[in-house]
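All remarks here apply to the structure that follows.
The values are calculated or read from the model by the stated rules, or taken from the named source; none is laboratory data. All values reported here derive from a predicted model rather than from experimental measurement. Cβ: placed from backbone, ideal geometry, glycine included. Neighbour counts: every protein chain shown. Side chains are part of the model used for accessible areas, which takes the heavy atoms of the whole protein and leaves out ligands, DNA and RNA. Shrake-Rupley method; radii C 1.70, N 1.55, O 1.52, S 1.80 Å.
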Amino acid sequence: MTILVTGARGAIARNVIDLLLAAGTPVRAASRVPGATDLPAGVEPVRADFTAPETLAPALEGVEKVFLYAAHEGMDAFVAAAQEAGVKHVVLLSSAASADADNEIGRSHLAAERPLEASGIPYTFLRPAMFATNSLWWAESIKQEGLVRLPYPDAPVNPIHERDIAEVAFTVLTEDGHAGRTHVVDGPGHLTQRRQVELIGEAIGREIAVEEQPRAVAERYLPGSLLDMLAAGSTEVWGPTSEAVTGRPARTYAEWTIDHADDFR
């Protein structure tokens with residue numbers, strides 16, 4: 001059973017690849033520029049570009065299942081190629097925001113979900129909420145200035161370790177009973193953005209300052225829907241943690257900072 005993993009340079013995809021390799025499952029890793037992707041031994045690199053449909057049939061040849069990053073364009077081409085290749089299951093990395101069609105992030109992920117729903121190919125949608133890896137946006141300012149500039153620093157967030165998302169995907173890809181289902185995945189508990197920075201500081205052994213950033217500045221690089229959520233200070237729980245699928249407790253943000261300490265040093 002060969003599994004194609006798209007977005008091979010992404011953190012979640014890399015963890016999915018590692019888990020499949022450890023299980024002895026043949027893995028093909030797809031990206032637009034496969035030569036630029038550093039892959040573990042035993043993984044076959046292939047080119048797959050949804051905007052270049054001629055690349056899809058070779059990438060999908062002999063593939064039974066696909067772990068798919070949500071593509072903002074070219075989904076119809078992928079679906080047609082997957083149907084032609086006889087793919088038996090597609091696991092789509094979507095977003096918890098897909099539950100809200102008025103949300104700009106949700107709309108873009110729904111645009112990827114809907115062609116799969118209509119395709120006749122068995123599918124599973126993974127809808128994680130906030131990724132802990134978003135904190136990597138702060139890495140350069142931490143390394144260079146010992147500072148993080150944040151809109152709404154005391155807003156609560158509930159980040160998810162990428163390994164937990166990958167383990168959900170691995171479970172869905174390798175166990176029966178998930179076709180036609182949507183798995184919403186949330187983090188294990190809220191903490192403020194300010195506390196996130198403190199935990200990074202504890203992991204690297206340095207004190208990191210926090211500077212509140214005006215919303216008008218943050219709007220230059222963050223979606224308005226995300227800023228609205230931070231401004232509301234909501235502790236809404238989007239869904240269960242990864243444990244609902246994997247049976248293993250979700251990793252905390254403190255664990256994530258330890259795993260990624262070198263990224264901030």
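Quick test for you: out of ALA23, ALA52, ALA80, ALA29, pick the one residue that is more than 21 Å from PHE131 (Cα to Cα), touching a Leu at 6+ places or on another chain (Cβ under 6 Å) and at pLDDT 90 or above. The conditions single out ALA29. So, ARG181, is that one of a type in the set (Lys, Arg) and touching a strand residue (DSSP E or B) at 6+ places or on another chain (Cβ under 8 Å) or not? So ARG181 fits the description; yes. Kindly indicate whether any position in segment 105-113 is basic (Lys, Arg), within 30 Å of GLU236 (Cβ to Cβ) and in a helix (DSSP H, G or I). Looking for residues that are basic (Lys, Arg), within 30 Å of GLU236 (Cβ to Cβ) and in a helix (DSSP H, G or I), one finds at least one in segment 105-113, hence yes. Against the test of being among the small types (Gly, Ala, Ser), at pLDDT 95 or above and over 15 Å from VAL90 (Cβ atoms), the options ALA132, ALA169 yield a single qualifying residue, ALA132.
Residues of segment 149-160 include none that is assigned to a helix (DSSP H, G or I), modelled with pLDDT of 95 or more and open to solvent by 10 Å² or more (accessible area, probe 1.4 Å). Of all the numbered requirements in (1) open to solvent by less than 20 Å² (accessible area, probe 1.4 Å); (2) charged (D, E, K, R); (3) not in a loop (DSSP other than H, G, I, E, B), LYS143 misses one, and that requirement is (1). In segment 226-255, the residues that are touching a residue at least 24 places away in the same chain (Cβ under 8 Å) and closer than 19 Å to ARG195 by Cα reach residues that are acidic (Asp, Glu) and not in a loop (DSSP other than H, G, I, E, B) with C-beta atoms within less than 7 angstrom, at least six apart or across chains, in these pairs: ALA250/ASP164; ALA250/GLU243; ARG251/ASP164.
Let's see how each residue does on (1) under 18 Å from SER108 (Cα atoms); (2) modelled with pLDDT of 95 or more:
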| position | (1), (2) |
| --- | --- |
| PRO45 | no, no |
| LYS65 | no, yes |
| ALA71 | yes, no |
| ALA85 | no, yes |
| LEU93 | yes, yes |
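Applying the condition of being in contact with a helix residue (DSSP H, G or I) (Cβ under 6 Å, 6 or more places away or on another chain) and under 23 Å from VAL63 (Cα atoms) to segment 161-176 and asking which residue is surrounded by the most Cβ atoms within 10 Å (Cβ to Cβ) yields ALA169.
Here MET1 meets the list (1) within 23 Å of PRO122 (Cβ to Cβ); (2) open to solvent by 30 Å² or more (accessible area, probe 1.4 Å); (3) at pLDDT 95 or above almost entirely, failing just condition (3). Residues in segment 116-140 that are surrounded by fewer than 18 Cβ atoms within 10 Å (Cβ to Cβ) and more than 16 Å from the chain's Cα centre (by Cα): GLU117, ALA118, GLY120, PRO122, ALA139, GLU140. Taken together, the criteria place THR51 among residues that are β-branched (Val, Ile, Thr) and open to solvent by 40 Å² or more (accessible area, probe 1.4 Å). Do we find a residue being open to solvent by 10 Å² or more (accessible area, probe 1.4 Å) and within 19 Å of the chain's Cα centre (by Cα) anywhere in segment 78-86? Within segment 78-86 (the criterion being open to solvent by 10 Å² or more (accessible area, probe 1.4 Å) and within 19 Å of the chain's Cα centre (by Cα)), the answer is no, since none of the residues qualifies.
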